[in-house]
Amino acid sequence: MKFTPEKYAISDEKGKAFIDENEIWNYINNTTSTKEKVREVIAKSLAKNRLNLEETAILLNANEPELIEEIKQGARELKRIVYGNRIVLFAPLYIGNKCSNNCLYCGFRATNKDAIRQTLDDKQIMQEIEALEDNGQKRLILVYGEHTDYDADYIAHTVKLAYNVKKGNGEIRRVNINAAPLSLEGFKKVKQSGIGTYQIFQETYNKTAYQKYHTFGKKSDFDYRLTSLDTAQDAGLDDVGIGALFGLYDWRFEVLALVRHTNHLEACYNIGPHTISFPRIKDFSKCDINDSYFVNDADFARLIAILRLAVPYTGMILTARESAELRNEVIHFGVSQIDGGTKIELGSYSNSINEHQNLNKEQFKLSDNRSLNEVIDELLDNDMIPSFCTACYRLGRTGEHFMEFSVPGFIKNKCTPNAILTLVEYIIDYAPNHTKEKGWKVIAKNIENLSSDEMKVSVLEKIEKLKQGERDLYY
């Protein structure tokens with residue numbers, strides 16, 4: 001089955017800026033929301049159809065508490081249908097904080113003279129990864145400041161380094177990237193190193209606000225940033241992630257712009273982004289921006305639910321910027337990936353850098369300081385399956401191929417068994433006894449709920465192989 005998306009932006013051109021601020025504000029200001037319209041839009045999403053801008057605006061303008069709750073319930077049900085009860089886990093690893101840009105909301109910005117600039121050397125990177133593997137991590141996102149030192153050659157080098165670090169049964173099976181835009185040849189080089197998703201966040205899609213926050217550096221070019229993932233697609237890197245930093249501009253505008261970015265990628269490349277991220281502004285070194293656009297918890301939960309309904313098959317990432325309490329709430333509305341045991345100071349996983357040297361090396365402050373195992377414990381308490389699965393990427397189920405599988409529901413039928421198998425690995429290799437007890441109960445329950453007796457038998461056979469010492473079994 002070939003996936004053919006509904007093309008809402010058929011006039012878009014590759015590599016051309018596509019955000020029309022008047023268009024977005026027109027939808028926000030002139031779209032009416034009634035109970036009937038809201039329910040029709042939710043029904044369309046529950047039928048696993050992506051929403052257009054007008055339909056998304058209907059949800060954005062639904063301000064009655066009753067309708068907001070219906071939107072959340074719709075998002076909860078859609079997530080259950082598409083993703084089941086699994087949550088994919090990962091860890092960010094900060095490689096270096098040198099930066100040539102001046103983003104007023106970021107602790108890495110070039111004018112922050114209090115920041116201590118450092119790049120981990122190969123030995124320190126390996127120590128960090130070994131420490132992460134000791135905790136059971138299998139998926140990383142490598143994070144770099146935007147600086148000429150972190151070019152395509154260097155990124156490719158660190159990716160290969162990460163994949164080669166093995167400790168006990170520990171290994172990294174997927175490396176995602178959050179870094180500056182690259183040239184066509186640069187994206188090709190990084191793709192060849194075996195990366196998963198390449199994330200580039202627009203931060204804010206409002207050009208006037210963007211120019212205010214980005215005062216110099218290559219990142220100050222709004223259109224260049226906006227079309228950078230077009231270059232990645234042209235380079236054959238079809239697994240990309242988009243995002244906005246909520247708190248820089250009106251959150252309703254950013255939600256519609258994220259949907260519009262999805263439109264553009266689908267119109268030009270026949271695939272949407274693999275993931276959408278929606279970090280909120282948090283405290284950071286020398287924070288001095290106006291808080292007029294900061295997003296409160298209620299609106300934040302609401303926008304997550306709206307995004308889930310708008311893009312049913314797109315992964316949604318929620319980071320440890322948010323508190324454990326809020327994360328535990330909103331993962332039910334559509335989030336599919338979270339980080340656990342996160343540390344963002346350079347060298348902090350292995351303490352390869354002295355504690356006093358870590359001062360002023362973080363990009364922002366964390367609100368969720370739970371260990372990976374504490375995150376897993378709470379997911380199990382909520383009857384969710386913590387997953388370290390990397391099968392889709394390694395089997396070539398990315399980009400358009402991912403859509404071919406996921407739209408008919410095949411991915412759910414593979415992802416739940418794969419999530420179970422990665423949880424079994426974690427339980428055997430890393431979990432304390434109280435987590436083992438919870439984990440085996442959740443595993444037994446979810447095996448019982450698998451779609452066929454044949455799959456149940458197959459999963460049980462693979463679990464026995466894992467108990468006998470085999471690793472990395474997947475569908």
Fill in: Sequence ranges 67-75, 210-218, ranked by mean other-Cβ count within 10 angstrom, highest first
67-75, 210-218
Practice prompt. State, to one decimal in nm, how far the label point of residue 34 lies from the label point of residue 440, with both points 7 Å from Cα in the Cβ direction.
Written response: 5.8 nm
Worksheet item: Can you list the HN-Hα couplings for the stretch 460-470, worked out from phi with the Karplus curve (6.51, -1.76, 1.60; θ = phi - 60°), rounded to whole Hz and with x for Gly and Pro?
Response: 4, 5, 5, 4, 5, 5, 5, 5, 8, x, 5
Response to the item:
Stretched fully, the stretch from residue 216 through residue 456 gains (0.36 nm per residue minus C-alpha distance, one decimal, in nm) 80.7 nm
Item to complete: Report the relative contact order of the stretch 129-189, percent, no decimals, based on alpha-carbon pairs under 8 angstrom and at least 6 residues apart.
Response: 49 percent
Worksheet item: Once phi is turned into ³J(HN,Hα) by the Karplus curve 6.51 cos²θ - 1.76 cosθ + 1.60 with θ = phi - 60°, what whole-Hz value does each residue of the stretch 122-128 show in order, with x for glycine and proline?
Response: 4, 4, 5, 4, 5, 5, 4
Response to the item:
Mean Cβ-within-10 Å packing, highest first, puts peptides 26-33, 57-64 in the order 57-64, 26-33
Response to the item:
At 25 °C in a medium of viscosity 0.890 mPa s, the chain has a Stokes-Einstein diffusion coefficient, with Rh taken as the Kirkwood radius over alpha carbon pairs, in µm² per second, of 108 µm²/s
Worksheet entry | Amide H contacts of residue 118 (H built 1.01 Å from N, under 5 Å, at least 5 apart or other chain) | 97, 98
Practice prompt. Provide the packing ranking of 370-377, 273-280, i.e. peptides ordered by the mean count of other C-beta atoms within 10 Å per residue, highest first.
Written response: 273-280, 370-377
Discussion item. Let's see if you can work this out: charge +1 on each Lys and Arg Cβ, -1 on each Asp and Glu Cβ, no other charges. What is the dipole magnitude of the chain about its Cα centre, in debye to the nearest 20?
Written reply: 640 debye
Discussion item. From the phi angles alone, apply the Karplus equation (6.51, -1.76, 1.60; θ = phi - 60°) to the stretch 186-195 and give each ³J(HN,Hα) in whole Hz, x where the residue is Gly or Pro.
Written reply: x, 5, 4, 5, 5, 4, 5, 6, x, 6
Worksheet entry | Shape category assigned to the stretch 1-109 from the gyration tensor of Cα positions, a/c cut at 1.5 | prolate
Worksheet item: Given the Cα-Cα distance of residue 188 and residue 153 and 0.36 nm per residue of separation, how much length would full extension add, in nm?
Response: 11.5 nm
Discussion item. Could you tell me the relative contact order of the chain? Use alpha-carbon pairs under 8 Å, at least six residues apart, and round to a whole percent.
Written reply: 21 percent
Response to the item:
Filtered hits (lysines, Cα-Cα < 22 Å from residue 44, offset >= 8 within chain) -> 2, 7, 35, 72, 79, 412
Fill in: 5 angstrom amide H check on residue 86, placed H, neighbours 5+ away
385
Response to the item:
The long-range amide H neighbours of residue 93, using H built 1.01 Å from N in the peptide plane and a cut-off of under 5 Å, are 141, 142, 143
Worksheet entry | Relative contact order, percent, the stretch 269-349 [alpha-carbon distance under 8 Å, six or more residues apart] | 34 percent
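A short reminder: the numbers here are calculations on the coordinates, not readings from a lab. Since this is a predicted model, take the numbers as computed values, not measurements. A quick note on method: Cβ atoms are made from the backbone with ideal geometry, for glycine too, and the neighbour counts reach across all protein chains shown.
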